[in-house]
Amino acid sequence: MYLLAIDWWLILEKFILVGAVVTLCLFVAMYSTYAERKIAAFMQDRIGPNRAGPWGILQPLADGGKLFFKEEIIPLASSRFLFILGPALAMITATLTSAVIPWSTPLYLFGREVHMQVADIDIGILYIFGIVSLGVYGIMIGGWASNNKFSLIASIRGASQMISYELAMGLALIALLFMTGSLKMSVIVQNQIENGWHVIYQPLGFLLFFICALAECNRTPFDLPEAENELNFGYHQEYSSMKLGFYLFAEYINMFISGVVMATLFFGGYDIPFVEEAGWGLHPNWLSVIGFVVLLAKSFFFVFVFIWIRWTIPRFRYDQLMNLGWKKLIPLAILNMIVTAVVILLLNK
Amino acid sequence: MLTQRAQPVDRRPMNWVEKLYLWNILKGMAITFSHLFRRKATIKYPEETRPLPAVFRGLHVLNRDEQGRERCTACGLCALACPAEAITMEAAERQPGEEHLYREEKYAAKYEVNMLRCIFCGLCEEACPKDAVYLSKTIAPSNYSRKGFIYKKEDLLIPNPITEPEAYQKALGERGMNSNQTRQKE
């Protein structure tokens, strides 16, 4: 009898939602590689891949197929368990962060209210931070298991960089929390729908968060861990075939999720700007779909800015990177926090 | 000193706006963004090709005269001149019924050019006394095996102007239009 008391429909819809979200992440990561190559080419006055399918649309499939067919090499001197664990951990942490993001307003299907958020937990943002901290392990294990001086140095640099920039990111978020009063992601989005987007109230916070997100994703100008011309190939040098594919995909998924998180925290999530869309008279399911598309558009814009910055700026030197993280961003974040707190107290919100 | 156009390098220390680096980064990003909308420098081969110069040295072609007879007499001067030793040939004697096929009494029964050895220098074209071999504008295509790169006489011979005039004119290309190049050699 206990079995009948469990809400099986809820479990089914959560499963489907998880599957859909992970598929979306993978699909977007695949086409992020295509977008990166095309945008990089256009910025360099050339056309990118245009042979695989019209305008090269099928190029990511060709890349995936190429990675599958390559030979799986595991160095003899490496620890086999750790070698396989590294990319697996990177991919797991990259996809886990997508669980708490509110993708849209609830859908109404088959007489049920389906929330477009896999888990609306009370510690929403903190969960994302925890998972991102675990992502450091993926890089460190990868570098250590390769049994290679260059990989080790690269992974140490990567780990220290990620740890330092997490601090500034967290401090920038605390100022945001002063305003919203809750860590739940759905409450944050609701707050933005009622009071206006957080980027207007926290421009410095957004800038800090953006820079730290660049550092967390190991993107230029912070891409020392995978500097192609400095450290051979960094921590994923020894990897081939699908393990390398996992590392690269995990990086692109991280990029996409960072874009989505920034859109959710600072740019209103699934909210359409300047429009009172509840008054349009559309069925709530349509509004939900439109909200989802708007969120995707915002995150794609952020991914575009990530790619744009990558192909503009040269890489930071390691000491400049650490300098920036500890001596410039953390004081700025603390200053941001103090100013926000003072303003809130004065306005007595 | 030499001209008055030398400008001193701007070595002023950075002001506080520049020290932030954000402004310079944004200026750089504006430049890369403007490049998104410029004309691309790519030539989409093989749909578009670059115009090759008139003296471009490509694949070999064995020539015929106006009556369709092969010009090559297997004298071996091209093979001797070739610095890469890419040309080999075997001579044969013209039989009484074959006057419409070959110009002189000696002709090349086998004429092979190894394109992997060939360096496309054109010395064979310069050495030939009969205006029989010249380098066309065709770029040597790629192949999956080494055997495909050894071009036999049938691959190299130009089409017969009597039986296939259009193909002959097409294969002659620019050489047919310039009467200076068709020397009347014996």
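The values are calculated or read from the model by the stated rules, or taken from the named source; none is laboratory data. Fair warning: this is a prediction, and the values are worked out from it, not measured in the lab. Quick reminder, even Gly has a Cβ in these numbers, built from the backbone with ideal geometry, and neighbours come from all protein chains shown.
Remarks
- Filter pass, A:A297 being away from chain B (no Cβ under 14 Å), in a helix (DSSP H, G or I) and surrounded by fewer than 16 Cβ atoms within 10 Å (Cβ to Cβ): yes
- Single unsatisfied condition, A:L67 versus (1) touching a helix residue (DSSP H, G or I) at 6+ places or on another chain (Cβ under 6 Å); (2) under 30 Å from B:R38 (Cβ atoms); (3) touching a residue at least 12 places away in the same chain (Cβ under 8 Å): (2)
- Residue check, B:A84 assigned to a strand (DSSP E or B) and more than 20 Å from B:Q169 (Cβ to Cβ): no
- Residue match in the stretch A:330-340 (condition: within 14 Å of chain B (Cβ to nearest Cβ) and aliphatic (A, V, I, L, M)): yes
- Test set (1) more than 14 Å from chain B (Cβ to nearest Cβ); (2) under 24 Å from the mean Cα position of the chain (by Cα); (3) farther than 24 Å from A:P203 by Cα - A:R315 fails condition number: (1)
- Complete set of residues in the stretch A:258-294 that are in a loop (DSSP other than H, G, I, E, B) and of a type in the set (A, V, I, L, M, F, W, C): A:F267, A:I272, A:F274, A:V275, A:L282
- Residues in the stretch B:30-43 that are of a type in the set (G, A, S) and more than 7 Å from every other protein chain (Cβ to nearest Cβ): 2 in all.
- Residue check, A:L265 in contact with a His (Cβ under 7 Å, 6 or more places away or on another chain) and either surrounded by 18 or more Cβ atoms within 10 Å (Cβ to Cβ) or within 14 Å of chain B (Cβ to nearest Cβ) (or both): yes
- Selection status of A:L134, part of a helix (DSSP H, G or I), surrounded by fewer than 21 Cβ atoms within 10 Å (Cβ to Cβ) and touching a residue at least 24 places away in the same chain (Cβ under 8 Å): yes
Here's the yes/no breakdown for (1) outside any loop (DSSP other than H, G, I, E, B); (2) of a type in the set (G, A, S); (3) surrounded by 14 or more Cβ atoms within 10 Å (Cβ to Cβ):
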{"residue": "B:G97", "(1), (2), (3)": "yes, yes, no"}
{"residue": "B:A108", "(1), (2), (3)": "yes, yes, yes"}
{"residue": "B:I119", "(1), (2), (3)": "no, no, no"}
{"residue": "B:E125", "(1), (2), (3)": "yes, no, yes"}
{"residue": "B:P141", "(1), (2), (3)": "no, no, no"}
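- Filtered residues of the stretch A:151-198 (kept if acidic (D, E) and within 19 Å of the chain's Cα centre (by Cα)): A:E166
- In the stretch B:32-49, the condition of being surrounded by 14 or more Cβ atoms within 10 Å (Cβ to Cβ), touching a Leu at 6+ places or on another chain (Cβ under 6 Å) and not in a loop (DSSP other than H, G, I, E, B) is met by no residue.
- Of all residues in the stretch B:50-65, exactly one satisfies the criterion of being surrounded by fewer than 19 Cβ atoms within 10 Å (Cβ to Cβ) and touching a helix residue (DSSP H, G or I) at 6+ places or on another chain (Cβ under 7 Å), namely B:A54.
- Filter pass, B:K27 being assigned to a loop (DSSP other than H, G, I, E, B), basic (K, R), free of Cβ contacts under 8 Å to residues at least 12 places away in the same chain and within 11 Å of chain A (Cβ to nearest Cβ): no
- For the stretch B:1-24, taking the residues that are within 14 Å of chain A (Cβ to nearest Cβ) and either assigned to a loop (DSSP other than H, G, I, E, B) or loosely packed, with under 10 Cβ neighbours inside 10 Å (or both), the one that is modelled with the highest pLDDT is identified as B:Y21.
- Residue match in the stretch B:66-81 (condition: exposed (fewer than 14 other Cβ atoms within 10 Å of the Cβ), more than 14 Å from every other protein chain (Cβ to nearest Cβ) and assigned to a loop (DSSP other than H, G, I, E, B)): yes
- Test: residue in the stretch A:293-300 that is of a type in the set (F, W, Y), within 24 Å of A:L204 (Cα to Cα) and without any contact (Cβ under 8 Å) to a residue 24 or more places away in the chain: no
- Residue that is nearest to B:Q67 (Cα to Cα) [pool: residues in the stretch B:147-171 that are assigned to a helix (DSSP H, G or I) and among the charged types (D, E, K, R)]: B:E166
- Test: B:P46 is without any contact (Cβ under 8 Å) to a residue 60 or more places away in the chain and within 14 Å of chain A (Cβ to nearest Cβ): yes
- Residue within the stretch A:142-162 that is touching a helix residue (DSSP H, G or I) at 6+ places or on another chain (Cβ under 9 Å), surrounded by fewer than 19 Cβ atoms within 10 Å (Cβ to Cβ), of a type in the set (V, I, T) and without any contact (Cβ under 8 Å) to a residue 60 or more places away in the chain present: yes
- Residue in the stretch A:43-74 that is farthest from the other protein chains (Cβ to nearest Cβ), counting only those that are of a type in the set (D, E, K, R) and closer than 26 Å to A:V305 by Cβ: A:D63
For every residue, the table says whether it meets (1) buried (at least 18 other Cβ atoms within 10 Å of the Cβ); (2) under 21 Å from A:V118 (Cβ atoms); (3) at pLDDT below 90; (4) of a type in the set (G, A, S).
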| position | (1), (2), (3), (4) |
| --- | --- |
| A:L12 | no, yes, yes, no |
| A:A20 | no, yes, no, yes |
| A:Y34 | yes, no, no, no |
| A:G48 | yes, no, yes, yes |
| A:G53 | no, no, yes, yes |
| A:K70 | no, no, yes, no |
| A:L82 | no, no, yes, no |
| A:G86 | yes, no, yes, yes |
| A:T93 | yes, yes, no, no |
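- All conditions in (1) within 14 Å of another protein chain (Cβ to nearest Cβ); (2) in contact with a strand residue (DSSP E or B) (Cβ under 9 Å, 6 or more places away or on another chain); (3) not basic (K, R) hold for A:I309, with the sole exception of (2).
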